[in-house]
Structure formats: structure tokens, C-alpha cells
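This report concerns only the one structure given below.
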Amino acid sequence: MTTFAYDAQKGVLTERQTQSALPPAYTGQNSGAEIAVHPSGRFLYSSNRGHNSVAVFRIDQPSGALTFTGATDTGGRTPRNFAIDPGGRLLFAANQDSGTVVVFSIDQATGALEPTGTKLDVPAPVCVAFLVPISSVRQGAVSQ
């Protein structure tokens, strides 16, 4: 995971930090797929295809620096995509090669993921999205 600083006046990105989205002991093949920031702005999540997990990073608010806090097994193979519900309470992980979408609760204090026990059978899921009525967005009525 790499973070950058952006200088809007110059239109320049400067690399600030790079760190792994994997536990230090993991040595197998891996690729990333999805990255999302929690609605609170306090946590960043990324999927690991190979390690079959979602990595959790804490975001330091003043600096934007990331701290890896762990990776949670997605309960399936090849997590291609995941989505956080608009209220920031649940994460839905789409495990492409095992045909499942697994639901996790999100700890609001730490960002940690905990399986809820809900597993949906979906043939080769590749995307999870939440639809919000456009009228809610226009009126600023999307609740958290």
C-alpha cells in the first residue's frame, strides 16, 4: 500500500509511505484487488487475492499515514471485490473462486473485521455495490 501527498498547485504526487498489506510471515503469491476507505475516514481496507484476506490499516488523521493492524480471512478464495455499507457497520467480501459473499461486522473503534456468520452463495461474484436513491444524494439525506 502506497500513500502519496498531492501538491495541487504543481499537480505533483510525492510518495510518502509504502507498506505491505500482508502479515510479515506470509510468503505465498498474492495480488491486490479492491481498496476502500471507511466512511469515518479512520480506516483503509484492501483485498488480498492469494492470502484470501482483507487487510486493515488505521489512518492517522493529521498526517494520513497508514498503520497495518492485521488481515482477516475472507472465508473463501480470491476476494476480488468488497464493499462497506453506507453506514460503515458491515463489509461484504466477494470471493470470486469459491462463489460466496461473506459478511463481516466492522468494529467502529479499531476497524477490525469479525465474521457475522452470514455467507451468501453467489456464482463467481466479482462486484458488490450499494445503491443509494439519487434523490437521497441530492437532498443530502444519505444516513450514516
Given H placed on each backbone N at 1.01 Å, which residues far from T69 in sequence or on other chains put an amide H within less than 5 Å of it? V56, F57, R58
Only Cα pairs under 8 Å and at least 6 apart count here; give the relative contact order of the chain as a rounded whole percent. 15
Each residue of region 103-115 in order: what ³J(HN,Hα) in whole Hz does its phi give by Karplus 6.51 cos²θ - 1.76 cosθ + 1.60, θ = phi - 60°, with x for Gly and Pro? 9, 10, 8, 10, 5, 5, 8, 10, x, 4, 9, 9, x
Charge-dipole axis of the chain as Lys and Arg at +1 and Asp and Glu at -1 on Cβ define it, positive-most pick from S47, T67, P86: P86
For every helix of n ≥ 4 consecutive DSSP H residues, a contribution of -39,500 (n - 2.57) applies; sum these over the chain, divide by its total residues, and give [θ] at 222 nm rounded to the nearest 500 deg cm²/dmol. -500 deg cm²/dmol
Using a 10 Å cut-off on Cβ atoms, rank the peptides 76-83, 89-96 from the highest mean neighbour count down. 89-96, 76-83
Along principal axes, Cα extents of the chain, largest first, whole Å: 48, 47, 28
So between K10 and A129, what do we pick up on full extension, going 0.36 nm a residue minus the alpha carbon distance? 39.4 nm
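FYI, it's all coordinate maths here, none of it is from the lab. The model shown is predicted, which means the values in this text are computed figures rather than measured ones. Cβ coordinates were reconstructed from backbone atoms using ideal geometry, including for glycine residues, and neighbour counts include every protein chain displayed.
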